[in-house]
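Worksheet: the structure to be examined is printed underneath.
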Amino acid sequence: MLVLGIESSCDDTAAAVVDNNDTGSVVLSSVVSSQDTLHSRYGGVVPELASRRHIEMIIPVVESALEDAGIGLGDLDAMAVTEAPGLVGSLLVGMSFIKGISFVNTMPFVGVNHILAHANAAFLVDDVGKDREGAEEAPEVPEFPFVALVVSGGHTTLLYMTDYGEYKVLGATLDDAAGEAFDKTAKVLGLGYPGGRVIDSLAKEGNRDAIPFPRALLSKESLDFSFSGIKTSVQTYIKKLHGGFDDITLRDISASFQEAVVDVLVKKAMRAMEAVNADTLVIAGGVACNSRLRVKAGEACSKADFDLYIPPPKYCSDNGAMIAALGYHKLKKGERADFSLNAKPGLKDF
């Protein structure tokens, strides 16, 4: 089944064409238009600007995705679009576009939860050719059930996934998400927006043990997250320096901050694995691109004899392929959306 997926929950306009089956989802094309340059001058995403840029980019992005896949609109079997959570104006752009195509072409579509779609990115594999005959064996994908740590700028969530779209929330952020903490800390350090990649790069040359920033683990049994405290600790530390620090100190702050955040993410993930007696962990979302998280999670899973799946960075950040892949399984179950489908921006809708 060829499914067009559209993602516009925040500041990336993304579209992809995915050829789906029961064991994996082959990505025929994936196009992402980033708004980083637009929002960097403001130090964060400006919702109104984001939605306006989505309106400008949605048609060219979808046209590029169809062209890269070597198909036309009429070759599609169905469509999927992000319905929750996210910025309401941004969500409505993707949803309105999908509804328009469906109305004209009588094509079925479904709404997809952005967080669940990130977890589903572990099933994405790259296209290896149009016929794919004689191709190398496809990469391994996880088997249900598994624990998924979905960690990005807007949410940090632990899920127990029992099937496609079937889940139980084990833990979630109580305040700042991990990615948000990265961006806010980068802003305090004068590193610009988005800050996660910059901090990751600087941290490679810093001392991870230089500054004992706090690890908010809450109670011993808790699987929830809190990252507002470490952000405040970084601000307090910088104030004690009276606003001045050299490049070495900047790298040490970055490394120590990153280590504290990653420690909490990995320890909570391991705690969740034990709580549900799982043996497979999936880490996804934009922060899953972080090099230190990938290393520490790999070490922890290897020590505990757990299987670990982390999608390639291009499928960790927001993309249309993950939307199309999860949309396929909803369509397969007989789900269909109608024109009353509406945006659900809040995490309470998850």
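Details
- Positive-end residue, the chain charge dipole about Cα centroid, Cβ charges, pick of Pro214, Leu73, Val151: Pro214
- The chain - Rg over Rh from alpha carbon coordinates, Kirkwood radius: 0.98
- Of Arg208, Arg336, Arg41, the one that fluctuates the most in a GNM where the chain has Cα springs shorter than 10 Å: Arg41
- Cut-off under 5 Å, modelled amide H: who pairs with Asp224 long-range: Ala172
- In a simple Cβ point-charge model (Lys, Arg +1; Asp, Glu -1; nothing else charged), the chain has a dipole of about 1360 debye relative to its Cα centre.
- The stretch between Glu143 and Thr106, if pulled fully straight at 0.36 nm per residue, gains 9.9 nm over its current Cα-Cα span.
- Of the residues Thr280, Val266, Thr232, the one whose Cα sits farthest toward the positive end of the charge dipole of segment 146-313, with +1 on the Cβ of Lys and Arg and -1 on the Cβ of Asp and Glu, is Thr232.
- The Stokes-Einstein estimate for segment 1-103, based on a Kirkwood radius over Cα pairs and taken at 25 °C with 0.890 mPa s viscosity, is a diffusion coefficient of 176 µm²/s.
- For the chain, built as a Gaussian network whose Cα springs stay under 10 Å, the top-fluctuating residue of Ser152, Ser228, Ser219: Ser219
- Across segment 202-350, C-alpha contacts under 8 Å between residues 6 or more apart give a mean separation that, scaled by the residue count, equals a relative contact order of 21 percent.
- Treating each Cα of segment 192-278 as an identical point scatterer and summing with the Debye formula, the log10 of I(q)/I(0) at q = 0.20, 0.24, 0.26 Å⁻¹ comes to -0.95, -1.20, -1.31.
- Over all distinct Cα-Cα pairs of segment 150-203, the Kirkwood formula returns a hydrodynamic radius of 12.3 Å.
- Contour minus Cα-Cα distance for Asp175 and Leu241 (0.36 nm per residue): 21.1 nm
- Interatomic Cα distance distribution for segment 146-313, bins of 5 angstrom, percent: 2, 9, 19, 22, 20, 13, 8, 4, 2, 1, 0
- Flagged links, alpha-carbon separation over 29 Å, of Lys220/Lys344; Lys168/Lys330; Lys239/Lys314; Lys267/Lys332: Lys220/Lys344; Lys239/Lys314; Lys267/Lys332
- Report summary: the helix-based calculation at 222 nm, which adds -39500 (n - 2.57) for every DSSP H run with n ≥ 4 and divides by the residues of the chain, gives -13500 deg cm²/dmol.
- Rounded to the nearest 20 debye, the dipole magnitude of segment 146-313 is 420 debye, with +1 charges on Lys and Arg beta carbons, -1 on Asp and Glu beta carbons, and the Cα centre as origin.
- In this simple spin-label model, placing a label point 7 Å from the Cα along the Cα-to-Cβ direction at both Thr162 and Ser340 gives a separation of 2.8 nm.
- Counting only Cβ charges, +1 for Lys and Arg and -1 for Asp and Glu, the dipole size of segment 228-350 around its Cα centre is about 320 debye.
- Cα centroid of segment 226-254 to Cα centroid of segment 172-207, whole Å: 11 Å
- Estimated at 0.36 nm per residue, the fully extended path between Asp22 and Glu221 surpasses their Cα-Cα distance by 68.1 nm.
Values in this text are rule-based calculations from the coordinates and carry no lab data. All figures in this text were calculated on a predicted structure; none of them were measured in a lab. Methodologically, a virtual Cβ is constructed for each residue, glycine included, from the backbone with ideal geometry; neighbour enumeration extends over all protein chains shown.
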